[in-house]
Amino acid sequence: MEATATAAPELGDLTAAELLGAARREEAASRRAEANLLAVAYEWAVAHPADEDGWNAATFHHPLGDEPISGDGTPLVAEFCIPELGAALGVSTDAAKKLIGQAIEMVHRLPRVWKRVQSGLVPVWRAKQVAEATIHCDPALTPEAMAWIDAQVAPFLEKIGRAQMERIVAQAIELYGLAAQEQPLDADNDGRFVHIHTPVGPFAGAMRIEAEVSNADGHDLAQALAAGAAALKAGGSTASLDVRRSMALGELARQQTSLDLVGADADPEQDSAEAAARKARRVDLHLHFTAEVQPDGTTGINPIGLLENGQKLALLSQVRSWVRGTHTEVRILPVIDLNEQITTNRYEPTERLRRQVLLRDRTCVFPWCTRPARSCDLDHVEPFDHDAGGEGRPQPGPTGTDNLAALCRSHHRLKTHTGWRLTSPASGVFEWTSPHGQRFRRDQHGTHDLTRRPDGEPPPVTAPVVPPPRVATPNAAPTA
């Protein structure tokens, strides 16, 4: 008898009931896969413990100090093991830290939650939400408080929301006497705040501001915004009141040029630098627009550029509206040709070379890293030999366009002190090999995974190694 293979039906051929069944199966498989990935992250952490003194332990780095990736009493994880897991998952190092920290928190401080997650019956994102709330709780939660939270949350994990989780943590703090002594109402920490929320996504064109101020400040601000909105309307603006109030708030910020916070008793002969610090505040917005050859053969500016602050896209039309403001100063920096090879005999790059590399790379060039290049170090791909010139030898690691890479401090240290290897087959193209043999390419198109798949098949074909030529890129920096 001849066997005949039957292909699986296309989704378009399924009935409504069959589609619902397929949806349930895929959702269950996705939930199981997420639980398995969390377990893999935990085992990766177990396989890479930090040293006994904890000097190489992974932390989140903040301007005010380092923050652990999991709660009190949990095992510490070696810092340099995390980037390789993140690279394998196609996420940033910080995202991998968060995943590992959440897994450790569940295993060691939320065992009931961990058990339910590993059953595959509850969404993993809800368990991560619980872990985040307990990891970053201030004050730190004791083992007794954690056991109480675990018992309260685990049975209802699939129903716990963010607000309810915050109430449970607050109850645990009160129940176990962890709350700090209340401060007088006139103390510095009386509840006032201003939060400026960074927008998410490259196309976000607005920011949300949330604040709680004193009654006097609130009334003054309300009157100032009302007056500003009225002035805009009198000037011909047809925008709604809310939009005009928003515009007036921006004008208040730009017009604030001489706020004196020192007082009448200040020394009139104070240092000139201190006096200058109280003068006009200036915010630099670095904008990059690329000149391109148009279909008719002329050269024009691409209408979509990059707002470097936050790595957002910006439209030329938006920039035109910004520069119409009376308090906006526009500085056009010299055009940088990204295809030009710039070199210097010195170890430190020239300012022009530095700007060229920053414009070319835009972010740290480690796989999946998104830290802006302007805050990164410039690293020699092939190390610079400080003795080569004095000994009459050719320089193996010249300071030039094709041998420099923007690396954030964390990944700069990773390249210097671990088994990660970096090569640059072409200017702006960087190929990384991890200690376990994973391979990645980072270029102007992003990160590409060059590691062979588990089934032995080669990775999918991606962008060419050598990037296509690009014309000169102007760097505009409007300042308000």
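What follows is calculated from the coordinates using simple rules that are stated; it is not laboratory data. A quick note: this is a predicted structure, and the numbers were derived from the prediction, not measured. Every residue, glycine among them, receives a Cβ derived from its backbone with ideal geometry; neighbour counts consider all protein chains shown.
Odds and ends about this structure:
- Paramagnetic label zone (point 7 Å from Cα along Cα-to-C-beta, ILE196; backbone N under 16 Å) in region 211-246: 211-212, 246
- Counted residue by residue at 0.36 nm each, then reduced by the alpha carbon distance between them, the extension gain from ALA253 to GLU382 reaches 41.8 nm.
- Modelled this way, with points 7 Å down the Cα-to-C-beta line, the labels at ASN56 and ALA179 are 4.4 nm from one another.
- Gain upon complete extension [GLN171, GLU43; 0.36 nm per residue less C-alpha separation]: 42.8 nm
- Amide H contacts of PHE60 (H built 1.01 Å from N, in plane; Pro and chain starts excluded): GLU67, ILE69 sit under 5 Å, all sequence-distant by 5 or more or on other chains.
- About the centre of its Cα atoms, region 21-175 shows a dipole size close to 1040 debye [charges on the beta carbon of Lys, Arg (+1) and Asp, Glu (-1) only; nearest 20 debye].
- Here the 3J(HN,Hα) profile of region 438-452, calculated from phi with Karplus coefficients 6.51, -1.76 and 1.60 at θ = phi - 60°, is 6, 10, 9, 10, 10, 9, 5, 8, x, 9, 10, 7, 9, 6, 5 Hz, Gly and Pro shown as x.
- Magnitude of the charge dipole, region 343-449, Cβ model with Lys/Arg +1 and Asp/Glu -1, debye to 20: 420
- Extension gain, GLN341 to LEU89, is 87.3 nm, computed as 0.36 nm per intervening residue step minus the present C-alpha separation.
- Computed over neighbours whose Cβ is under 12 Å from that of ALA87, the net charge equals +1, Lys and Arg +1, Asp and Glu -1.
- Placed amide H near THR344: partners under 5 Å, 5+ positions off or other chain: THR399
- Region 357-387 residues near the modelled ARG421 label - backbone nitrogen below 19 Å, point 7 Å along Cα→Cβ: 366-367, 380-384
- For LEU353, LEU19, order by how many other beta-carbon atoms lie within 10 Å, fewest first: LEU19, LEU353
- Counted by neighbouring Cβ atoms within 10 Å, the residues LYS98, LYS415, LYS159, LYS115 run from fewest to most as LYS159, LYS115, LYS415, LYS98.
- Environment charge of ILE196, counting only residues whose C-beta is closer than 9 Å and scoring Lys/Arg +1, Asp/Glu -1: 0
- Cβ crowding within 10 Å ranks ASP94, ASP242 as ASP242, ASP94, fewest other Cβ atoms first.
- For LEU404, the residues whose modelled amide H falls within less than 5 Å of its own, excluding neighbours fewer than 5 places apart on the same chain, are VAL381.
- Per-residue HN-Hα couplings for region 357-374 [Karplus 6.51, -1.76, 1.60; θ = phi - 60°; Hz; x = Gly/Pro]: 5, 5, 5, 5, 7, 6, 9, 4, 8, 5, x, 6, 6, 10, 5, x, 4, 4
- Taking a point 7 Å from the Cα of ASN302 along the Cα-to-Cβ direction, the residues of region 343-381 with backbone N closer than 19 Å to it are 355-365, 370-374.
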